[in-house]
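To keep things clear, I will list the structure first and then write my remarks on it.
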Amino acid sequence: MNAWAEYLGERAARRRLLGLQRTLFVREADTPLIDLASNDYLGLSAHPQVALAAQRAAQEWGAGARSSRLVSGTTQLHHELEAALAEFTGHPAALVFSSGYTANLGVITALADADTTVISDQHIHASLIDACRLTKATRVVTPHNDVPSVEQALSKSSTSRHLIVVESIYSVLSDAAPLQELAALAQHYNALLIVDEAHGVGVTPPNGRGVAAAAGLAGHPHVVLTATLSKALGAQGGAVLGSPEVIDHLVNQARSFIFDTALAPPAVAAARTALSLVTPPVVANLRARIKQAAQQLTLPTPAGAVLSVPMPSAESAIAAQAACRDAGVWVGCFRPPSVPDGVSRLRITVNSGLAEVSWQHALDVIAEVVNSRHNNGIAQ
Ligand SMILES: Cc1ncc(COP(=O)(O)O)c(C=O)c1O
């Protein structure tokens with residue numbers, strides 16, 4: 001056997017031993033599974049108006065963008081989406097990227113140099129961690145939602161510039177960041193607060209415009225937002241929102257913007273239409289389902305639309321996920337290394353687009369599996 005095959009075989013065997021082997025589960029077009037694993041919080045990915053917008057854009061502009069934004073990939077659609085995103089979040093300007101991942105990579109690597117300190121929360125998403133790792137900045141990781149630690153890092157730092165990096169709603173625990181306190185610190189220390197609104201857009205009451213907007217921080221000069229178009233908006237792509245100066249800097253310096261094919265026109269058009277469908281009644285429906293699910297699963301109501309159920313082990317989480325799937329319900333599963341604290345969890349995503357009967361059935365199935373996890377042999 002060649003050395004690489006041996007090495008890869010050993011790695012796979014070790015993952016299996018630890019219960020950490022990942023496999024791809026193929027979704028059939030006509031699957032009868034009720035999907036509470038996706039991030040399609042508002043059910044907009046299948047909304048007829050969203051699908052139609054994508055179809056029309058493909059016919060008018062083509063299936064792909066054909067080149068990077070700076071070459072010939074910026075269409076009128078990109079321009080309109082950027083204006084709509086800026087208006088929606090209340091920030092002066094926006095820049096669309098090909099994904100939330102590349103938006104996060106772009107903004108942090110373009111802003112942080114060797115004379116910058118990046119202070120990031122322990123629970124930030126992998127895309128933000130990777131972005132921080134790519135910089136030459138001094139890096140400080142603070143305990144989760146610990147404002148005094150952020151202040152300490154700012155006051156002790158010897159670099160000229162500072163970034164504070166958080167998520168508005170954290171993807172694993174579905175809890176919110178103390179954005180007002182962090183923005184006040186950013187202002188006091190002349191830092192920039194980078195807030196990833198991936199799980200805030202479309203979800204935060206009253207109008208789904210994100211946690212920053214709800215906290216009165218729309219357009220704050222020390223706050224820069226990132227967002228994904230692929231969760232509540234049901235499309236694909238990412239964005240950065242901030243001052244015109246920040247956006248101009250990204251157009252010129254963000255490598256994941258410059259050296260990447262532009263977001264495909266059908267995704268741009270889908271996101272633009274989805275954005276117009278995020279209204280207070282739509283968000284209120286989602287919030288009602290989040291509350292109902294939390295009550296039925298005897299969990300606290302989360303800030304986001306994800307219910308995170310701690311499981312005794314990675315194996316028990318996988319077994320519970322399989323039990324739900326056998327009963328027709330698809331839920332997610334977090335386990336190391338995708339969890340910041342090493343605790344395996346079932347990840348249940350609330351979806352306000354599901355028919356009431358499917359939603360209620362899914363909740364009943366999950367409640368039965370979750371509530372019996374300590375006494376039915378799932379817990380090891
Ligand atoms: C907090 C957070 N940021 C960024 C991303 C990446 O977004 P995208 O899937 O659009 O690349 C995700 C998605 O998993 C996320 O949860």
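The values are calculated or read from the model by the stated rules, or taken from the named source; none is laboratory data. Quantities reported herein were computed from a predicted structural model and do not represent experimental measurements. So basically every Cβ, Gly included, is an ideal-geometry build from the backbone, and we count neighbours across all protein chains shown. Ligands, DNA and RNA are stripped out before the accessible areas are found, and what is left, the full protein with its side chains, is counted by its heavy atoms. Shrake-Rupley method; radii C 1.70, N 1.55, O 1.52, S 1.80 Å.
A compact table of results
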{"read-out": "Selection from Ser344, Ser358, Gly234 lying farthest towards where the dipole of the chain points positive, charges on Cβ", "value": "Ser344"}
{"read-out": "All-pairs Cα distance distribution in the range 333-374, expressed in whole percent, bin size 10 Å", "value": "25, 39, 30, 6"}
{"read-out": "Exposure rank, largest accessible area first [Glu60, Glu151; 1.4 Å]", "value": "Glu60, Glu151"}
{"read-out": "Residue-span extension gain [Gln122 to Val26] - 0.36 nm each, minus C-alpha spacing", "value": "31.3 nm"}
{"read-out": "For the chain, size of Cβ-based charge dipole, Lys and Arg +1, Asp and Glu -1, in debye", "value": "500"}
{"read-out": "Cα convex hull volume per residue for the range 6-165 (Å³)", "value": "241"}
{"read-out": "q = 0.13, 0.29 Å⁻¹: log10 I(q)/I(0) that the Debye formula gives for the range 175-225, counting C-alpha atoms only", "value": "-0.26, -1.15"}
{"read-out": "Positive-end extreme of charge dipole, the chain - chosen from Val195, Thr138, His78 (charges on Cβ)", "value": "Thr138"}
{"read-out": "Karplus-derived HN-Hα couplings along the range 135-149 (A = 6.51, B = -1.76, C = 1.60, θ = phi - 60°), whole Hz, x at Gly and Pro", "value": "8, 9, 6, 6, 10, 10, 9, 9, x, 4, 6, 9, 4, x, 5"}
{"read-out": "Cα-centred dipole magnitude for the range 100-177, charges only on beta-carbon of K, R (+1) and D, E (-1), debye, nearest 20", "value": "260"}
{"read-out": "GNM top mover of Leu70, Leu128, Leu24 - the chain, alpha-carbon springs below 10 Å", "value": "Leu24"}
{"read-out": "Estimated translational D of the chain in µm²/s (Stokes, Kirkwood radius over Cα pairs; 25 °C; 0.890 mPa s)", "value": "113"}
{"read-out": "Pairs of Cα atoms farther than 22 Å apart, the range 157-298, %", "value": "45"}
{"read-out": "Computed over the range 272-380: relative contact order in percent, which uses C-alpha pairs under 8 Å that are six or more apart", "value": "31"}
{"read-out": "Rh by Kirkwood over Cα pairs, then Stokes-Einstein D for the range 287-380 at 0.890 mPa s and 25 °C, µm²/s", "value": "184"}
{"read-out": "Net charge, Ser358 excluded, C-beta distance under 13 Å - Lys, Arg +1, Asp, Glu -1", "value": "-2"}
{"read-out": "Surface share of carbon and sulfur [accessible, 1.4 angstrom probe, percent] for the range 322-370", "value": "55"}
{"read-out": "Accessible surface, per residue, of the range 244-380 when the full set of protein chains is kept, probe 1.4 Å, Å²", "value": "42"}
{"read-out": "Percent carbon-and-sulfur accessible area, the range 218-283, ignoring ligands, DNA and RNA, probe 1.4 Å", "value": "54"}
{"read-out": "Solvent-accessible area, 1.4 Å probe, carbon plus sulfur percent, for the range 15-146", "value": "54"}
{"read-out": "For the range 7-24, 3J(HN,Hα) per residue [Karplus equation, 6.51 cos²θ - 1.76 cosθ + 1.60, θ = phi - 60°, Hz, x = Gly/Pro]", "value": "4, 5, x, 5, 4, 5, 5, 5, 4, 5, 4, 8, x, 10, 6, 9, 9, 8"}
{"read-out": "Overall Cα dimensions of the range 78-167 - principal axes, largest extent first, Å", "value": "43, 24, 24"}
{"read-out": "Overall form of the range 39-99 per C-alpha gyration tensor (a/c, 1.5; a/b vs b/c)", "value": "oblate"}
{"read-out": "Sequence-distant residues sharing a close amide H with Ile164 (under 5 Å, placed H)", "value": "Ile119, Leu192, Leu193, Ile194"}
{"read-out": "Segment Ala58-Met1, length gained on full extension (0.36 nm per residue, minus Cα span)", "value": "15.8 nm"}
{"read-out": "Under-5 Å amide H pairs with Val141, H placed in peptide plane, nonlocal only", "value": "Ser120"}
{"read-out": "D (Stokes-Einstein, µm²/s), Kirkwood Cα radius, the range 1-69, 0.692 mPa s at 37 °C", "value": "194"}
{"read-out": "Debye log10 I(q)/I(0) for the range 76-116, one point scatterer per Cα, at q = 0.31, 0.32 Å⁻¹", "value": "-1.01, -1.02"}
{"read-out": "Relative contact order for the chain, counting Cα pairs under 8 Å that sit 6 or more residues apart, in percent", "value": "24"}
{"read-out": "Local net charge near Gly200, Cβ-Cβ under 10 Å (Lys/Arg +1, Asp/Glu -1)", "value": "-1"}
{"read-out": "Compactness relative to 2.2 N^0.38 Å, alpha carbon Rg of the range 223-363", "value": "1.29"}
{"read-out": "Calculated from backbone phi, Karplus (6.51, -1.76, 1.60) coupling profile of the range 303-310 in Hz, x at Gly/Pro", "value": "5, x, 9, 10, 9, 9, 9, x"}
